[in-house]
Each structure stands twice: as C-alpha cells, then as structure tokens.
Amino acid sequence: MVRTLFVAALAIAVSILFHPSADAGAKGGKIRWTHKKTGASQAREPINVPAAQGKTPGKVEMKIVFEGGKLAEFVLIGDGDTDLDVIVKDAAGNIVAKDIDPPADEGGGSDICVCRWLPKETAEFTIVISNRGSVLNIAQAATN
C-alpha cells in the first residue's frame, strides 16, 4: 500500500514538473531574451531563412547598429531542421565575428549560433545568416 502511494505521488510530482506551463516564471514564455538585472537584449521577430538551392545556401541579411566600446552579441536559435551559420561584417565588409559549423555530413550541423565582438565605435553591422539545408529554417534572434 505504501509503495502504491509512493509511486502515485511520484507520478503526480513528475507530471507537474514537466507540464508545459512549468516555465520557472520566465517572462514571455520559456525563453527570456533579456538580462534579468539590466534588461539588455532585444528579441526580434522570427526570421525565415530560406532553404539552400543546390549547393548555394539560402541567405538572409540584417543590418543592426551596435554601440562602440561595449561587447556586442548576436544569438540565433533555429527550429532544428537545418544547419545555420552566421557571419558578422563591419561597414567595410570585414568579418568581425562568425559562427560557422562543418556540414552535417562531416559531424557538424548546429542551428544555434553565438557571435560576440567588441566594436571600436558605434556603427551598423551586417549580419549574414546562411541555411545549408534543403528546407526553410525559422529562427529566433536576439541582440544586446
């Protein structure tokens, strides 16, 4: 009898713990796109990164201004369908940060990208997101 009650209590505890609404108090759902103390970060609308056409990756370019002298961050999380890569370029076209994985057939293939760099001055940067997969990848991005 005690064992049955223990198993029932354990089953209830596990179902409560893993219930979809158990988001640990995160603001706006399960993912918090702002820093707890400073509020720094900027969530963006979902980005539809088109599928590759043959060997040519699908690409999306964004222009974002980052403040000089402060750590700049760009984070991208895809929907899990394909490999995504990110390259960050300055106004002169120089690569200042990148997150490029080997192709999936070579052991790579992540669609989680993090780029960090320190801009010398406040300027607009070009973010190039590439999709090597054969299907659309819907990604979520955030910046500080």
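The values are calculated or read from the model by the stated rules, or taken from the named source; none is laboratory data. These numbers were taken from a predicted model, which means no experiment stands behind them. Because the Cβ atoms are built from the backbone with ideal geometry, glycine has one as well, and the counts that use them run over all protein chains shown. Each accessible area value is taken on the protein alone, full model and side chains, heavy atoms only, with ligands, DNA and RNA left out. Shrake-Rupley method; radii C 1.70, N 1.55, O 1.52, S 1.80 Å.
Which order do 73, 67 take when ranked by solvent-accessible area (1.4 Å probe, heavy atoms of all protein chains), largest first? Each step should come with its number before you reach the end.
Details: 73 50, 67 100 Å².
Largest accessible area first, the list is 67, 73.
Could you compute the net charge surrounding residue 123? Neighbours are other residues with a C-beta less than 10 Å from the C-beta of residue 123; K and R count +1, D and E count -1.
Details: positive: 120; negative: 67, 90, 121, 124.
Local net charge: -3.
Quick one: what are the phi-derived ³J(HN,Hα) couplings along segment 73-79, Karplus 6.51/-1.76/1.60 with θ = phi - 60°, whole Hz, x for glycine and proline?
Taking θ as phi minus 60°, the curve returns 9, 10, 10, 10, 10, x, 7 Hz for segment 73-79.
How much solvent-accessible surface does residue 76 expose, in Å² to the nearest 10, with a 1.4 Å probe and all protein chains in place?
Here the accessible area works out near 0 Å².
Of all the accessible heavy-atom surface of segment 76-144, with the other protein chains kept in place and a 1.4 Å probe, what percent is carbon and sulfur?
On the way: 1760 of 3470 Å².
C and S atoms contribute 51 percent here.
With a cut-off of 19 Å, note down the residues of segment 50-73 whose backbone N falls inside the zone around a label point 7 Å from the Cα of residue 120 toward its beta carbon.
65-73, by backbone N distance to the label point.
If you keep only loop residues by DSSP, which trypsin sites (Lys or Arg not before Pro) in segment 47-144 have at most 12 other Cβ atoms within 10 Å of their Cβ? Intermediate results must be reported in sequence, preceding the final value.
Working: sites: 55, 59, 63, 70, 89, 98, 116, 120, 132; in loops: 55, 70, 120, 132.
Qualifying residues, ordered by number: 55, 70, 120.
Give me the distance in nm between label points sitting 7 Å out from Cα along the Cα-to-Cβ direction at residue 63 and residue 105, one decimal.
So the label points at residue 63 and residue 105 sit 3.7 nm apart.
With the other protein chains left in place, how much accessible area per residue, in square angstrom, belongs to segment 48-144 at a 1.4 angstrom probe? Before the final figure, lay out each step's value.
Details: 5240 Å² over 97 residues.
With the other protein chains kept in place, segment 48-144 gives 54 Å² per residue.
Express in whole angstrom the spacing between the alpha-carbon centres of segment 118-143 and segment 41-117.
Rounded to whole Å, the Cα centres lie 4 Å apart.
Based on the alpha-carbon gyration tensor of segment 60-144 and its eigenvalue square roots a ≥ b ≥ c, which shape applies: rounded if a/c is under 1.5, prolate if not and a/b is larger than b/c, or oblate? It would help to have the intermediate numbers written out before the result.
Details: a/c = 2.27, a/b = 2.08, b/c = 1.09.
It is prolate, given that a/c is not under 1.5 and a/b is the larger ratio.
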